Amino acid sequence: MTMDDTGFGSYSFYFKLLRNFGAFPFRVDHTGLKVTYYPDGLFKWFYYVNFIGVMFGATFQAVKLLLTIQYDPDPINVIAQLCWMFAMCIPVSNMNAYIRREEKVAQSVDSWCQLERTVIGSSLRGLPSMPSGPLPTMSACHLKQNRLFRRTTVLYILMGIIGFIGMALHYWFVPRFPAYLYSISEEDNPAFMYAAGAYQLWIVIIIWSHVYGTEVIMVVASGSLVHCLETLSYRGAVVMANNQCDVPHLNEVLIKNWAAFEGKGNNANQQKSNFSNVHTEKAQEKVMSALQTRIKEGGKGYDDDSVYLASVVQNVVDIQYALDRYKDVEGVVDGLNNAYAKMLFNHQSVYMTLMCTLFYTPIRHLKILPVEGSLLFAVIAVFYCIRLFIFYPSMGRLNVMSATFVESWKEGLRHIPRGKYAYEFYLHKLESCRKLAFDCGGFYLMQKGTVLTFVSIVTTHIIVLLQLY
């Protein structure tokens, strides 16, 4: 069957890019609108070829680094090769995490996609641009999510293009640099030089595709889950259900949602049945009275008691829906953490080491390092800083929004009388909701303040290195 990615909107670009670059064999089932993976076939073989190329590259860099340290310990060459070695650790760690775990990764991404499709419609449904107001409507969240994905993708593609061009120029002028494959050739061989150059550029593409594949999916998923919680919050849920804020449409609430409200009462135990029995009987009388009043007055209005009752009914329906979906969000976060947490920890460890090296080198070897070398190290370090100040704050928004969700629904309980079983029941369920966050391999949570911790650690290590050497 011919595959078509149109059912996943702007996200289809992400799945196609990783699949075509051999970073991960994502497969989009357009018929069932599911994200799976290719267990075999061309894309899976391309994925394995990339794995072989990466392992060869990492082994080559390790051997060349040892030889350089042993026979030609030029500090600039050693540091530059160290940077290459650290960069190779990214695809190596990713592919070691992916191999034979493709199903787990694909399922975690698919669970997130299905949740986003269910809650906010999202980019997955291709909703048209609709006017957005100050409240978190489905269309507003959809548009924000599309912008987040495109902005993040453009940023990473821009950094990738600059890195690719810089690498190509460096190879053109210094093809025998110790970290390059052509350095093993003792004689001039144009064919081998171009082949080795193509291999080096291929490795750069693989490194970038794994950085893009891991970090963009986590930033976008974090933003998506934040929009889901925003939609599921008190005001968001009311808007989503009725396109209003506090005055729901009584025909819909009293007739369509009454069964759900009454069902909640029937689930209560006998000791706490005051709300479910007495209140339900009175509510049913008020429903009939409201409908009769509506008929007598020619459909012009409801009495105050009926409006109040409708608010209680809608409140119970909305909060139960929001709590059910919150459990789904918890499951998606756990799935993404299980699939990506170790990779993220490896990425952050590599970045920390790289930033220490990139900032330390121009400071320590400023006298012997040429101007273009200092500029290159500085530009690469700035790129990592930009990525750092985008990545951690984006990932940390989920933790903040999960707390906001709980507080918003505590305010939303105002329509249910205090002291009643339903009020205490839902208050307890809200207080039982755990805060959500993405973690790095189980070692620490990614929050907005983590970026300052990261910077302070890098700064401390640079100062220590400068004092030691």
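The values are calculated or read from the model by the stated rules, or taken from the named source; none is laboratory data. Treat the numbers as computed from the prediction; the structure is a model and nothing was measured. With ideal geometry, Cβ positions are generated from the backbone for all residues, glycine too; neighbour counts draw on all protein chains shown.
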*From the set of residues in the stretch 28-42 that are crowded, with 18+ Cβ neighbours inside 10 Å and touching a residue at least 24 places away in the same chain (Cβ under 8 Å), which is nearest to Lys16 (Cα to Cα)?*
Val28
*For Arg434, all conditions in the list (1) modelled with pLDDT of 85 or more; (2) under 26 Å from Arg147 (Cα atoms) hold save one; what is the number of the exception?*
(2)
_Against the condition part of a helix (DSSP H, G or I), modelled with pLDDT under 85 and either at positive phi or among the hydrophobic types (A, V, I, L, M, F, W, C) (or both), how does Leu17 come out, does it pass?_
no
*Hey, any hits in the stretch 22-37 for a residue that's modelled with pLDDT of 80 or more, in a helix (DSSP H, G or I) and in contact with a strand residue (DSSP E or B) (Cβ under 7 Å, 6 or more places away or on another chain)?*
no
*Looking at the stretch 134-161, which of the residues that are among the hydroxyl-bearing types (Ser, Thr, Tyr) and closer than 11 Å to Thr231 by Cβ is modelled with the lowest pLDDT?*
Thr137
_Members of the stretch 430-454 that are assigned to a helix (DSSP H, G or I) and surrounded by 16 or more Cβ atoms within 10 Å (Cβ to Cβ)_ = Leu430, Thr450, Val451, Phe454
*Given the structure, is Ile90 surrounded by 20 or more Cβ atoms within 10 Å (Cβ to Cβ), under 18 Å from Met343 (Cα atoms) and either among the hydrophobic types (A, V, I, L, M, F, W, C) or touching a Leu at 6+ places or on another chain (Cβ under 8 Å) (or both)?*
yes
*Give me the pairs, please: first residue somewhere in the stretch 139-158 and small (Gly, Ala, Ser), second residue anywhere and crowded, with 16+ Cβ neighbours inside 10 Å, beta-carbon distance under 7 Å, and either six or more positions apart or on two chains.*
Ser139/Leu127
_Checking Phe13 against (1) more than 19 Å from the chain's Cα centre (by Cα); (2) among the aromatic types (Phe, Trp, Tyr); (3) surrounded by fewer than 17 Cβ atoms within 10 Å (Cβ to Cβ), the condition it does not meet_ = (1)
_Would you confirm, using the coordinates I've provided, whether Leu66 is surrounded by fewer than 18 Cβ atoms within 10 Å (Cβ to Cβ) and part of a helix (DSSP H, G or I)?_
yes
*Can we say Ala58 is outside any helix (DSSP H, G or I), farther than 30 Å from Glu230 by Cβ and of a type in the set (A, V, I, L, M, F, W, C)?*
no
